[in-house]
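The values are calculated or read from the model by the stated rules, or taken from the named source; none is laboratory data. Given the structure is predicted, the values throughout are model-derived calculations rather than measurements. Every residue, glycine as well, gets a Cβ built from its backbone with ideal geometry; the counts of neighbours run over all protein chains shown.
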């Protein structure tokens, strides 16, 4: 679980963005079970989502509807990740299409939860994300495969390792021997976020330390 959820006196801060008040209210009841002390902020469209995030850069989690006024589909998610790369993002959607799931995870979201999910499934999914995993409905409780890497960034040996698109980026730099600090600077991430991705990579390639990881990645990755 995210360390902040267990720190006494420190509220866990969540931004819930959906253009339907009834959906926000229902999700709010689920989210209140994530931590002893929790602050829940609301947004009803993409402009208010961006504005609220800019006002609260210490957000622990953003739960965002895939389709809201301001953007349609993946464009809004991609824009949010571009502006706020360090905020853990989970998408809520009425769609259960596998293409939407893959696009959202490929854009850098850490989870995709259908609105048809039960409160128990939603809560389990959010806790999984806060534990450093990626949740999707189509791949059970395992990290979801990413969209194929962009041209020029081929990683054939890692295509089926279960890494997200951002974890592919971290893996390529890790294979070159870059430190977490260097990776954070190159990818414009926080070191804490890099550590989460590195831990996920260790699990995916079944190694227990950085030296083993570099050796394995150098064999699998075109660097």
Original post:
Taking residue 110 and the conditions (1) exposed (fewer than 15 other Cβ atoms within 10 Å of the Cβ); (2) at pLDDT 80 or above; (3) under 23 Å from residue 34 (Cα atoms), which numbered condition does it fall short on, given that it satisfies the others?
Top reply: (1)
Original post:
Taking residue 64 and the conditions (1) at pLDDT below 95; (2) crowded, with 18+ Cβ neighbours inside 10 Å, which numbered condition does it fall short on, given that it satisfies the others?
Top reply: (1)
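Consider segment 172-218. How many of its residues are outside any helix (DSSP H, G or I) and closer than 19 Å to residue 108 by Cα? Walk me through it before giving the result.
Taking segment 172-218 first, the residues outside any helix (DSSP H, G or I) are 176-179, 188-190, 206-209.
Checking the rest, the ones that are also closer than 19 Å to residue 108 by Cα come to 188-190.
Going through segment 172-218 one residue at a time, the tally reaches 3.
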Original post:
Taking segment 14-43 only, how many residues are surrounded by 15 or more Cβ atoms within 10 Å (Cβ to Cβ), under 19 Å from residue 72 (Cβ atoms) and out of contact with any helix residue (DSSP H, G or I) (no Cβ under 8 Å at 6 or more places or on another chain)?
Top reply: 2
**OP:** Please identify the pairs in which a residue from segment 1-26 that is in the same structural domain as residue 41 (by TED's automatic domain parsing) has its Cβ atom under 7 Å from the Cβ atom of a residue that is surrounded by 15 or more Cβ atoms within 10 Å (Cβ to Cβ) and at pLDDT below 55, counting only partners at least 6 apart or on another chain.
**Re:** 10/4; 12/4; 12/5
